[in-house]
Every structure is written in C-alpha cells, then in structure tokens.
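The structure appears right after this line, and notes come after that.
The values are calculated or read from the model by the stated rules, or taken from the named source; none is laboratory data. Keep in mind the model is a prediction, meaning the values are calculated, not measured. Ideal geometry is used to build each Cβ from the backbone, glycine not excepted, and the neighbour counts take in all protein chains shown.
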Amino acid sequence: MKYIFTVIFLGLLSLTTFSQNRLYENPQFDELAQDHEVIAIMPFKTSINLRPKQMKRLSPGQLERMEDSESIGIQAALYSWLLTREKRKGLSVEVQDPAITNAILNKAMIDTKSAQNYTPTELAELLGVDAVVMGSFKTDKPISEATALLIESVFNWGGSATNKAVMNLYIYNAKDSEVLINYHRSLDGSLGSNMDNLINRLMRKITRKMAYTK
C-alpha cells in the first residue's frame, strides 16, 4: 500500500513539474527559419499580482506604470541576452534594437494590450522583420531593478523576499504566424531584482532548441 501511494505521489509530482515547464519546438523550425535575417522582440504583456492590502498602498495608475516598466525590462533583458550571443557569433539572426521596435509601435499606437488585435504576421510586417518574439509575464513581486526600487519604500520587501514568476514566450514566423517556439516556465523562490539574471535562468533550456542558436 505504501508503495502504491509513493507511485501516485511521484506521478502527481511529475505532472505538476510538466505543467509548470513546457517547451514546444516546431519540427520545421530549422527549415522555416533558414532565410530569417532579422527578428524583433515585442514588449511582453506583464501583470504583477499584488495582494489587496498591497494594492491599497498604491496611488492610482501606479500598478499600471509598474507593469509597463516590467514589460520594458523583460524586452531589454531578452535583447541583451540575444545580443550577447549575436556578438559571440552564436546567433544566426540580427535582433532589432528595442528602441526601433518601440518607436514603430508607438507611432502605430500599439501597446501590449492592443497588440492582441494584430496577428504576428501583421506585427512582423509593421516592424520589417522575419519573426517576432512575444509573450506574457506574471509575478507577485517586481523583478526589474527599476520597478523594485520604485516601490521598495512602499512595501519594504527587501532583497530576500520570495516570489513567483511565470513566463510564456512565443517566437512566431512572419510569413504565416506559425509558432516556431513556445516556452512556458515557472520559477519560485528568491528571484531578487535583476531581470538579466532571471532571463538567463529562463533561457538556458531554450538555447539548445532555437534554430537561431544551434
């Protein structure tokens, strides 16, 4: 009987781990991406899930500003991560500078909320790229240093505070909006306030699967 319960427990644990960390790679990724020259990173749709008591301590619009800051932080960290590999000649494509990406999006009046009204193909055509990186990010405590410093005096979390983060990342082919990569990853624990370190942790596994980094 004890053995049966152990097997059931391990099975549930395995299912839980699988549900928290999933990586899908399009079997035709190499073929679809062989002519790609430039990719762009969209600002991620970000949500910071604060408790009701914490929400009461924020001024109107402060949470939205925090989420916008976090969104830009993720975009910048991903760009830095990919740019490092590009400079090491470990990346087969050029990554569009987020300053250019965001300027084009701002002129078209597209933000993280309204972007869902456009297909990846439409966004890629607007940005003039061969693929777009986009996704969502959820956390219960800000990760980026700028956002954390902004409200540290309000909540006094401290650097050792634990939190959860969930990222859902997609890379879409520009020609047909085909999903090339989908990476869902959950992290628990003391994640600190360094977005670059978090992105490095999240992206280690995907490096081995991306056609751009093989």
Keeping to segment 112-130, report how many residues are part of a loop (DSSP other than H, G, I, E, B), exposed (fewer than 14 other Cβ atoms within 10 Å of the Cβ) and at pLDDT below 95.
1
Which numbered condition trips up Arg22, out of (1) in contact (Cβ under 8 Å) with a residue 24 or more places away in the chain; (2) loosely packed, with under 14 Cβ neighbours inside 10 Å; (3) more than 30 Å from Ser92 (Cα to Cα)?
(3)
Applying the selection to segment 31-48, what residues are part of a loop (DSSP other than H, G, I, E, B) and either within 17 Å of Met210 (Cβ to Cβ) or touching a strand residue (DSSP E or B) at 6+ places or on another chain (Cβ under 7 Å) (or both)?
Gln34, Asp35, His36, Glu37, Met42, Phe44
Subset of segment 72-97, residues touching a strand residue (DSSP E or B) at 6+ places or on another chain (Cβ under 8 Å) and either within 19 Å of Asn173 (Cα to Cα) or in contact (Cβ under 8 Å) with a residue 40 or more places away in the chain (or both), comes to Ile74, Gln75, Leu78, Tyr79, Leu82, Val93, Glu94, Val95, Gln96
Subset of segment 41-67 that is hydrophobic (A, V, I, L, M, F, W, C), more than 30 Å from Ala124 (Cα to Cα) and surrounded by 14 or more Cβ atoms within 10 Å (Cβ to Cβ) - its residue that is modelled with the lowest pLDDT
Leu58
Among all residue pairs at least 6 apart or on different chains, which show Cβ distances below 6 Å where the first residue, located in segment 53-71, is within 17 Å of Thr112 (Cβ to Cβ) and the second is among the aromatic types (Phe, Trp, Tyr)?
Ser71/Phe44
On the basis of being modelled with pLDDT of 90 or more, out of contact with any Leu (no Cβ under 9 Å at 6 or more places or on another chain) and closer than 21 Å to Met203 by Cα, does Asp35 make the cut?
no
Odd one out for Thr101, checked against (1) free of Cβ contacts under 8 Å to residues at least 24 places away in the same chain; (2) surrounded by 13 or more Cβ atoms within 10 Å (Cβ to Cβ):
(1)
Could you say whether any residue in segment 68-80 is aromatic (Phe, Trp, Tyr), over 13 Å from Met42 (Cα atoms), buried (at least 16 other Cβ atoms within 10 Å of the Cβ) and within 16 Å of the chain's Cα centre (by Cα)?
no
Does any residue of segment 11-30 turn out to be modelled with pLDDT of 90 or more and in a helix (DSSP H, G or I)?
yes
